[in-house]
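Okay, structure first, notes after.
Nothing in this text is a laboratory measurement; each read-out follows from the coordinates by a stated rule. Keep in mind that this is a model prediction, so the values were computed, not measured. Cβ coordinates were reconstructed from backbone atoms using ideal geometry, including for glycine residues, and neighbour counts include every protein chain displayed.
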Amino acid sequence: MNKNFILYAVILIFGLAAPFLFPAFKVQLSILCVLIVLATTWNIQGGEMGYNSFGNILFYGLGMYLCASVQVGMFFPLAEWTESGGEKTFVHTPTQFFQGMAFGLVVAAVVPTIVAGLIGYSILGLRGHYFAICTLGLGVAAGEISGGIEIFLKFLHISANIHCGSFNLFYKI
């Protein structure tokens, strides 16, 4: 067997077992996983492809917003949750929590991929600093749009606590 394969398998097993081995560090481990994914995308785009992309935050934020919205909206009124500004807690049953999370993750993967395909079709022809400026503009435009629409404003100014019995998933948007 290839030594690299064994090394990657050990790292994968440790990564899957880490939340159970170190339960006090679940939030830090989840942030670490997210940062690993973001670093990998930066490596692929900036290192392997040679593109200086600053627009990843658009797709990351869209996926986070969609996942949290779908997870809450499947079982509770989304408008009521957003209107409360984080002061009202909605408690999911474990079944509701995991069904909402599963469907939310699917939506959070599919919709940003479609958006990336539509946007990418028009800007991937740009090269060098033109591409960098365009992707930077995407991130800035997404921030301006989300800051100017009332439902996004209310959602962005709260931290979305999604409770499931004694299990608490914390989204920091």
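Compute the Cα gyration tensor for the stretch 13-78, then decide on rounded, prolate or oblate, letting a ≥ b ≥ c be the square roots of its eigenvalues: rounded whenever a/c is under 1.5, prolate when a/b is larger than b/c in the other cases, and oblate in all that remain.
Details: a/c = 3.38, a/b = 1.15, b/c = 2.93.
Because a/c hits 1.5 or more and a/b fails to exceed b/c, the stretch 13-78 counts as oblate.
Once both labels are modelled 7 Å past Cα along the beta-carbon direction, what's the Ala18-Gln99 spacing in nm?
Computed distance between label sites Ala18 and Gln99 equals 3.2 nm.
Search the structure for amide H atoms under 5 Å from the amide H of His92, placed 1.01 Å from N in the peptide plane, and list their residues when 5 or more places away or on another chain.
It is His163, Cys164, Gly165, by chain and number.
In the stretch 59-99, which residues have a backbone nitrogen under 18 Å from the label point lying 7 Å from Leu29's Cα in the Cα-to-Cβ direction?
Correct set: none at all.
Using r as the Cβ-Cβ distance of Thr40 and Met74, and R0 as 25 Å, what FRET efficiency do you calculate, to the nearest 0.05?
Details: r = 30 Å, r/R0 = 1.19.
Between Thr40 and Met74 the formula returns 0.25.
Decide, for the stretch 1-118, between rounded, prolate and oblate: order the square roots of the alpha carbon gyration tensor eigenvalues as a ≥ b ≥ c, take rounded if a/c falls under 1.5, and otherwise choose prolate if a/b is larger than b/c, else oblate.
Details: a/c = 2.34, a/b = 1.34, b/c = 1.75.
Cα axes put the stretch 1-118 in the oblate bin.
Three principal axis extents, largest first, for the C-alpha atoms of the stretch 1-50, in Å?
So the extents along the principal axes, rounded to whole Å, are 39, 33, 7.
What is the extension gain from Glu48 to His129, computed as 0.36 nm multiplied by their sequence separation minus the C-alpha to C-alpha distance, in nm to one decimal? Kindly include the intermediate steps, with their values, before the conclusion.
Numbers: separation 81, 0.36 × 81 = 29.16 nm, distance 1.68 nm.
Taking Glu48 through His129 to full extension adds about 27.5 nm, to one decimal.
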